[in-house]
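The values are calculated or read from the model by the stated rules, or taken from the named source; none is laboratory data. What you see is a predicted model; the values in this text were computed from it and never measured. With ideal geometry, Cβ positions are generated from the backbone for all residues, glycine too; neighbour counts draw on all protein chains shown.
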RNA sequence: GCCGCGUUGGUCAAUCGGUUAAGACGCAUCCCUUUCACGGAUGAAUGACGGGUUCGAUUCCCGUACGCGGUACCA
């Protein structure tokens with residue numbers, strides 16, 4: 001029993017999301033976070049955010065904060081991160097710089113890696129001299145490393161001298177000539193590669209920073225990561241990572257891998273990019289992102305009017321489903337049902353129409369109180385100030401089924417707050433006549449006399465006058481709507497009249513009468 | 001070029017050898033509603049191709065085609 005408990009504790013699930021802070025957070029990135037989060041929560045494990053900022057040239061200030069804010073908005077907070085802290089700090093690779101060199105040197109000592117002194121120009125020269133029709137991109141591999149400037153081809157004393165002289169160099173992995181590396185991917189099953197086809201990846205760069213290949217292995221090991229999920233684009237370099245786990249002597253603690261399918265552009269093929277969103281008119285980033293260098297601005301799902309619940313829901317279903325046919329899930333439900341073996345192998349084209357449907361579903365089913373802060377924000381952005389929250393709550397309940405995006409609440413409910421400035425008179429003009437004009441003129445009097453300003457009373461007054469005048473109620477409802485709303489949309493007219501009050505209703509009728517007369 | 005991974009309606013997808021091949025989005029028609037929606041009903045639309053294995057293949061195997069990813073001192 002004791003043993004069992006120990007085993008259970010030692011295999012506690014730990015996963016990580018490891019983005020590089022180079023720009024806005026792509027929807028595919030959020031999905032990777034989600035699957036990590038869901039898997040961790042499902043198994044009672046921990047979710048770590050690690051920042052992969054080993055490329056100083058691509059570092060973008062603000063990107064890390066942005067990523068954290070995205071996770072917060074989605075409700076996918078990490079247990080450990082640069083700001084949350086944790087037992088394995090630091091969580092920024094740039095702050096772990098010294099750690100990596102030691103392991104790289106260890107690999108050199110054991111012959112699994114070597115120093116390489118080739119300059120960028122020399123590498124370029126190598127590529128162009130060996131470039132041919134059947135080999136358009138020559139690799140620094142077992143066939144070519146013997147022809148390059150490295151500790152395999154140079155004498156020991158020369159290598160020592162070069163290093164002592166401070167000549168810039170990198171450390172590259174020394175891959176076997178012909179070995180099969182295979183592993184079991186949680187999504188794809190058995191995957192294997194031959195080392196002959198992969199190059200001697202740089203492990204440690206000339207500036208002392210590790211490349212992703214070294215850093216991901218060292219950090220996953222040190223942070224006790226049990227399951228490593230990443231995009232499918234990493235599959236080809238998986239053998240390098242697996243060999244590294246082996247060469248470093250950590251094979252027993254290597255995480256289980258899962259390579260997630262890509263999210264594809266809706267038209268054509270290929271990975272979905274920010275450009276596709278710009279081109280097709282939908283967001284790709286989770287939140288607004290402004291690149292501090294180019295000042296390039298990109299709208300996010302949040303600002304576009306998506307609810308985080310919907311965003312998370314739609315992302316979960318993009319590449320996974322539980323087989324039941326249900327599509328609307330809360331985070332809690334997703335956590336309970338998620339499993340990696342139901343993740344698809346093939347990439348999924350992003351469908352913005354379906355994304356909007358998810359949001360619409362969430363808005364329709366959300367309690368008005370949940371929507372209140374967001375709706376108030378939308379109204380305020382359109383210069384509608386809200387004094388009475390309970391009034392807005394009632395408005396939300398009346399119009400939410402008509403709102404696909406949060407931003408739709410503006411045009412769907414503006415008439416509850418402001419007198420419409422322009423009326424769509426064209427909708428009633430063709431059938432407008434003197435009888436109707438008289439009806440509305442008299443209607444104002446009847447309404448003024450009402451003691452109980454309820455929708456039912458208004459409707460009764462409206463209908464009995466119509467009967468007296470011998471006009472079909474249906475013929476009168478549209479004009480009434482146009483006067484109150486301004487257009488052919490919105491909830492039941494009598495409800496609207498009841499909401500905006502007697503004075504405002506009469507005022508709008510008179511204004512409408514005037515417009516219909518002059519036009 | 002080479003290596004790897006994929007491929008069920010327009011899109012997301014179920015099926016774990018035997019089904020009339022679910023369901024959802026979108027689309028169309030109808031009902032409800034004398035607005036717009038919501039809701040309800042109906043419909044059109046799918047296994048890339050060729051070989052095997054099998055009594056039986058969408059499902060398993062092998063090819064081919066196509067697509068994607070990788071092929072950096074980027075992640």
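So the values come out like this:
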quantity: Among the residues listed as A:219, A:207, the single one being touching a residue at least 40 places away in the same chain (Cβ under 8 Å), more than 10 Å from RNA strand B (Cβ to nearest atom) and either assigned to a helix (DSSP H, G or I) or surrounded by fewer than 18 Cβ atoms within 10 Å (Cβ to Cβ) (or both); calculated: A:219
quantity: Near pairs, Cβ below 8 angstrom, 6+ apart or cross-chain, from region A:345-366 (touching a residue at least 60 places away in the same chain (Cβ under 8 Å) and within 28 Å of residue A:187 (Cβ to Cβ)) to any residue that is part of a helix (DSSP H, G or I) and near RNA strand B (Cβ under 7 Å from one of its atoms); calculated: A:347/A:232
quantity: Which numbered condition residue A:198 misses (of (1) near RNA strand B (Cβ under 9 Å from one of its atoms); (2) farther than 21 Å from residue A:114 by Cβ); calculated: (2)
quantity: Some residue of region A:154-164 being in the same structural domain as residue A:246 (by TED's automatic domain parsing), within 13 Å of RNA strand B (Cβ to nearest atom) and crowded, with 16+ Cβ neighbours inside 10 Å; calculated: yes
quantity: Subset of region A:117-138 (residues that are in contact (Cβ under 8 Å) with a residue 12 or more places away in the chain, more than 7 Å from RNA strand B (Cβ to nearest atom) and not in a loop (DSSP other than H, G, I, E, B)); calculated: A:122, A:126, A:130
quantity: Output for region A:161-174, where each listed residue is closer than 23 Å to residue A:214 by Cα, more than 42 Å from the chain's Cα centre (by Cα) and not in a loop (DSSP other than H, G, I, E, B); calculated: A:163
quantity: Residue within region A:372-385 that is without any contact (Cβ under 8 Å) to a residue 60 or more places away in the chain and within 13 Å of RNA strand B (Cβ to nearest atom) present; calculated: no
quantity: Whichever residue in region A:168-190 is free of Cβ contacts under 8 Å to residues at least 60 places away in the same chain and near RNA strand B (Cβ under 10 Å from one of its atoms) and, among such residues, is nearest to residue A:339 (Cα to Cα); calculated: A:189
quantity: Subset of region A:467-488 that is free of Cβ contacts under 8 Å to residues at least 40 places away in the same chain and under 14 Å from residue A:433 (Cβ atoms) - its residue that is nearest to RNA strand B (Cβ to nearest atom); calculated: A:472
quantity: Residue within region A:389-403 that is within 33 Å of the chain's Cα centre (by Cα), in a loop (DSSP other than H, G, I, E, B), outside the structural domain of residue A:501 (by TED's automatic domain parsing) and at negative phi present; calculated: yes
quantity: Sole exception among (1) more than 16 Å from RNA strand B (Cβ to nearest atom); (2) within 24 Å of the chain's Cα centre (by Cα); (3) part of a loop (DSSP other than H, G, I, E, B); (4) touching a residue at least 12 places away in the same chain (Cβ under 8 Å) for residue A:224, by number; calculated: (2)
quantity: Boolean, residue A:150 is at pLDDT below 95 and within 12 Å of RNA strand B (Cβ to nearest atom); calculated: no
quantity: Residue A:108 being more than 14 Å from RNA strand B (Cβ to nearest atom), at pLDDT 95 or above and either not assigned by TED's automatic domain parsing to the domain that holds residue A:156 or not in a helix (DSSP H, G or I) (or both); calculated: no
quantity: Enumerated helices (runs of 4 or more DSSP H) restricted to region A:404-519, each holding at least 2 residues that are farther than 30 Å from residue A:307 by Cβ; calculated: A:434-449, A:455-469, A:473-485, A:493-500, A:502-518
quantity: Filter result for residue A:283 (in a loop (DSSP other than H, G, I, E, B), modelled with pLDDT of 95 or more and outside the structural domain of residue A:185 (by TED's automatic domain parsing)); calculated: yes
quantity: Unique residue being more than 8 Å from RNA strand B (Cβ to nearest atom) and in a helix (DSSP H, G or I) when the list is A:311, A:306, A:329; calculated: A:311
quantity: Members of region A:33-61 that are in a loop (DSSP other than H, G, I, E, B) and more than 28 Å from residue A:101 (Cα to Cα); calculated: A:43, A:44, A:45
quantity: Subset of region A:262-275 that is more than 15 Å from the chain's Cα centre (by Cα) and at pLDDT 90 or above - its residue that is surrounded by the most Cβ atoms within 10 Å (Cβ to Cβ); calculated: A:266
quantity: Per-region count, region A:282-307, residues without any contact (Cβ under 8 Å) to a residue 40 or more places away in the chain and farther than 17 Å from residue A:29 by Cβ; calculated: 6
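Each row is one residue, and each column tells you yes or no for (1) under 18 Å from residue A:482 (Cβ atoms); (2) within 15 Å of RNA strand B (Cβ to nearest atom); (3) surrounded by 19 or more Cβ atoms within 10 Å (Cβ to Cβ).
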site	(1), (2), (3)
A:395	no, yes, yes
A:403	no, yes, yes
A:420	yes, yes, no
A:427	yes, yes, no
A:439	yes, yes, yes
